[in-house]
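Engineer: Structure in structure tokens, see below.
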């Protein structure tokens, strides 16, 4: 396995998604533990730096960080009010993929 193959697997796990099936992991999964998510993000950051040699890509400020309950509530309210996922991503400092994954987890989108 190389970095390019490992990175998307780790990213999916950090988002609470099964990398093989695309299904949301159960809440009791060890991958939903805050410390595990932080460890995965550390590995993702390291692999991302190694595979991004020569590329300068700026990530959103909250990329990879755990979601807070209040942020979930704000996301759901804005989504239910019709805000575009791209705008939601900008507002929350997250990627569009993270927004979509979170909306799936919160039952607002289907996987």
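Engineer: Counting only helical runs of four or more DSSP H residues, what would the 222 nm mean residue ellipticity of the chain come to if each run contributes -39,500 (n - 2.57) and the total is spread over all its residues?
Structural biologist: Counting only the DSSP helices, I get -17000 deg cm²/dmol.
Engineer: Please report, to one decimal in angstroms, the Kirkwood hydrodynamic radius of the stretch 1-57 built from all distinct Cα-Cα pairs.
Structural biologist: 11.9
Engineer: Still on this structure, please answer the following. Which whole-number percent gives the relative contact order of the chain, counting Cα pairs below 8 Å spaced six or more residues apart?
Structural biologist: Across the chain, relative contact order equals 25 percent.
Engineer: How many percent of Cα pairs in the stretch 21-111 exceed 17 Å?
Structural biologist: Cα-Cα pairs in the stretch 21-111 separated by more than 17 Å: 56 percent.
Engineer: For helix 69-80, report the angle its Cα long axis makes with the longest principal axis of the Cα atoms of the chain; keep it between 0 and 90° and round to the nearest 10°.
Structural biologist: For 69-80 against the chain, the angle is about 60 degrees.
Engineer: Compute the whole-percent fraction of alpha carbon pairs in the stretch 64-111 spaced more than 15 Å apart.
Structural biologist: Of all Cα-Cα distances in the stretch 64-111, 33 percent exceed 15 Å.
Only the coordinates and a few stated rules stand behind these numbers; no lab work does. All values reported here derive from a predicted model rather than from experimental measurement.
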